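Undergrad: Handing you this structure, nothing more for now.
The values are calculated or read from the model by the stated rules, or taken from the named source; none is laboratory data. Everything numeric here is computed off the predicted structure, so don't read it as measured data. No Cβ is skipped: glycine too gets one built from the backbone with ideal geometry, and neighbour counts run over all protein chains shown.
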Amino acid sequence: MIQGVVTEHRTAVIPLTVQGTMGQVDTFPAIVDTGFNGFLTLSLPQIAKLGFPYRGSMRAVLGNGKDADLDVFAGTVIWDGQVQAVMVLAADGSPLVGMGLLEGSCVLLHVTDNGPVSIERLP
């Protein structure tokens, strides 16, 4: 199970662990974004530090409704104890966990200040 917290700004945040191409592991806070149908966004400096290989670019519709071309990288996350290959989009701002990574999970949010967030794999 993955556990996080709902912030005072009503943002669900979980710890996300990624594994770089040289085996290095990094854990940082990521926002659960149910409006994002991809797997994961990270900033270009984070992607470079992890050594994720470039796979091309894709057109995406951002949360503000504008279209953007985003760079795509092949990444690895450790999701609920399991190593998983994911598509990582380069984007400014806080890391986002999208519905692609949440697929096959039950997400429970207590939407109050410091409310718990839990993500469990479905049977």
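Undergrad: Of the residues LEU62, LEU108, LEU96, LEU70, which is within 21 Å of VAL25 (Cβ to Cβ) and either in contact with a helix residue (DSSP H, G or I) (Cβ under 7 Å, 6 or more places away or on another chain) or not small (Gly, Ala, Ser) (or both)?
TA: After ruling out the rest, the residue left standing is LEU96.
Undergrad: Looking only at residues in segment 80-123 that are in contact (Cβ under 8 Å) with a residue 24 or more places away in the chain and farther than 25 Å from HIS9 by Cβ, which one is farthest from the chain's Cα centre (by Cα)?
TA: Per the criteria, the residue is ARG121.
Undergrad: I would also like to ask the following. Taking the condition surrounded by 18 or more Cβ atoms within 10 Å (Cβ to Cβ), over 14 Å from ILE119 (Cβ atoms) and modelled with pLDDT of 95 or more, does LEU101 pass?
TA: Details: surrounded by 18 or more Cβ atoms within 10 Å (Cβ to Cβ): yes; over 14 Å from ILE119 (Cβ atoms): no; modelled with pLDDT of 95 or more: yes.
So LEU101 fails the test.
Undergrad: Moving on to the next point. Residue by residue through segment 52-64, note down the ones that are over 17 Å from GLY98 (Cβ atoms) and either exposed (fewer than 13 other Cβ atoms within 10 Å of the Cβ) or of a type in the set (A, V, I, L, M) (or both).
TA: Within segment 52-64, the first condition is being over 17 Å from GLY98 (Cβ atoms), and the residues that meet it are 53-54, 56-57.
Correct list: PRO53, TYR54, GLY56.
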